[in-house]
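Below is one structure; the comments refer to it alone.
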Amino acid sequence: HHHHHHHHHQTGPANEEDNVSNNAACVITHSHAVTPFSDWNNYDDPSSTSSQYDDADNANNTINQSPSRNKNLPPIIDDCTELDRARRVEIAESHGLVYDEVHGVESILHALTPRERTLLADDNMPLRHYRAEKGNLKEAIRKIKCTLKWREDFQVEDIKRCFDKYGTTADEGSSSSSTSSPETRKQLDQLAAAIEYENETGKIYSRGYDKQGRAILYLTPGKENSNDEYDNMRHLVYHLERAIACARRKSGREKVCIVIGYQGFRLTNAPPMSTVKHTLAILQGHYPERMHRAYICDPPLVFRSFWKIIKMFVDPATLEKIAFCTGKEGKFLLERDFDTSTTEKQAGGTRELREFCSKEFLFDTPFDYTFDEKRV
């Protein structure tokens, strides 16, 4: 019965009440799809808590991020619920489409040029795009081609490896980077310098995992230290790719959690609208099916007016996965999804954690480890 026609991204569990009201403490904003809040507690298999994959680290890996990264990754866990699937099938049928993931993925791969295929982020990328478009194959093909071109133009692979010479990434075969031309090295160094500057205040980084092993990416807009939109985006992409690599290594999950905290946030340091739109365009357009949920923790009142505007640019399916966490309800939600003895204060954390150190994270922590994570 979905009556809007634009395609949404990143379907999440449907369980929302209508729009955020002031007294509703932790409500998911969405204008249709109203399901009782209680359904939400069992959308994910509660048995699959962290204890289950402690030994999965040595399970044989099915998909490698890149050939050089042959490090016993855990098998990929399909991070999509039955509910997600049922809704996608329903939406596809309402548009007269047949929802068939196997055929969809084959068709997408078939539509890509050999060159485009070499640019795929990983083997599951076509599936994520097919799912995000609810079986609309034409759109999925158009969007994945657009994303592959963006990944190349935006130099995503370079962003991921720009700290490599400092031994940051888990690449065994990174000898190539030492033999790369001085020209490339110079470009990578410039990239690293830009990201290093952007990260100085710790406005974005990942620390720890949710109970299912998804990396938690902390965004603190109040710590904004730059107004260079392009560098802001390169910095964002670096951390997104990193959080994705962390979740993949830790649990085989393909999605990450985003926690947005508002310490120090003022309307005066709110990012300009073009930066907000650019951020949403990257998240929604180029990282479909990558966000499990976003938690907006204790937003100040000024944020409410800001949100009314931003909301117009957020895909309805994504809106469902944005949780406003305040008060008792917020605490309940955070405690349900996270082990709060490991999360930061803004995410209901109960313990004093080590203060974030950008140098340590960028230069001395493997790419697929979160900040302050114990290395085995």
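The values are calculated or read from the model by the stated rules, or taken from the named source; none is laboratory data. A quick note: this is a predicted structure, and the numbers were derived from the prediction, not measured. Neighbour counts are summed over all protein chains in view; Cβ atoms, including those assigned to glycine, are modelled from backbone coordinates with ideal geometry. Keep in mind that these areas ignore ligands, DNA and RNA; they rest on the heavy atoms of the full protein, side chains included. Shrake-Rupley method; radii C 1.70, N 1.55, O 1.52, S 1.80 Å.
The calculated FRET efficiency for the pair residue 345 and residue 157, based on their C-beta separation and a Förster distance of 25 Å, comes to about 0.10. In this structure the range 66-141 gives 50 Å² per residue of accessible area when probed at 1.4 Å with all protein chains present. Can you give me the C-alpha center-to-center distance between the range 99-148 and the range 218-252, rounded to a whole angstrom? Going from one Cα centre to the other spans 24 Å.
Taking all protein chains as present, what is the carbon and sulfur share of the accessible area of the range 66-165, in % to the nearest whole number, probe 1.4 Å? About 56 percent, which is the carbon plus sulfur part of the accessible surface.
Dipole of the range 255-376, Cα-centred, from +1 at each Lys and Arg C-beta and -1 at each Asp and Glu C-beta, to the nearest 20 debye?
Values: 18 positive and 16 negative charges, 89 e Å.
Charge dipole of the range 255-376: 420 debye, to the nearest 20.
A cut-off of 5 Å between modelled amide H atoms, ignoring neighbours fewer than 5 places along the same chain, links residue 256 with 291, 292.
Taking all protein chains into account, the per residue accessible area for the range 282-376 stands at 44 Å² (1.4 Å probe). Put the Cα centre of the range 312-359 next to the Cα centre of the range 278-294 and the gap is 17 Å. Over the range 275-376, the ratio between the Cα radius of gyration and 2.2 N^0.38 Å evaluates to 1.26.
Taking 0.36 nm per residue of sequence separation and removing the Cα-Cα distance, the residue 200/residue 364 pair yields an extension gain of 57.6 nm. Carbon-plus-sulfur accessible fraction, the range 190-268 (probe radius 1.4 Å, protein heavy atoms only): 51%. Remark: the range 225-339 is approximated by an ellipsoid whose semi-axes, taken from the C-alpha gyration tensor as √(5λ), come to 22, 20, 14 Å, largest first.
Within the assembled protein chains, the solvent-accessible surface assigned to residue 201 is about 60 Å², based on a 1.4 Å probe.
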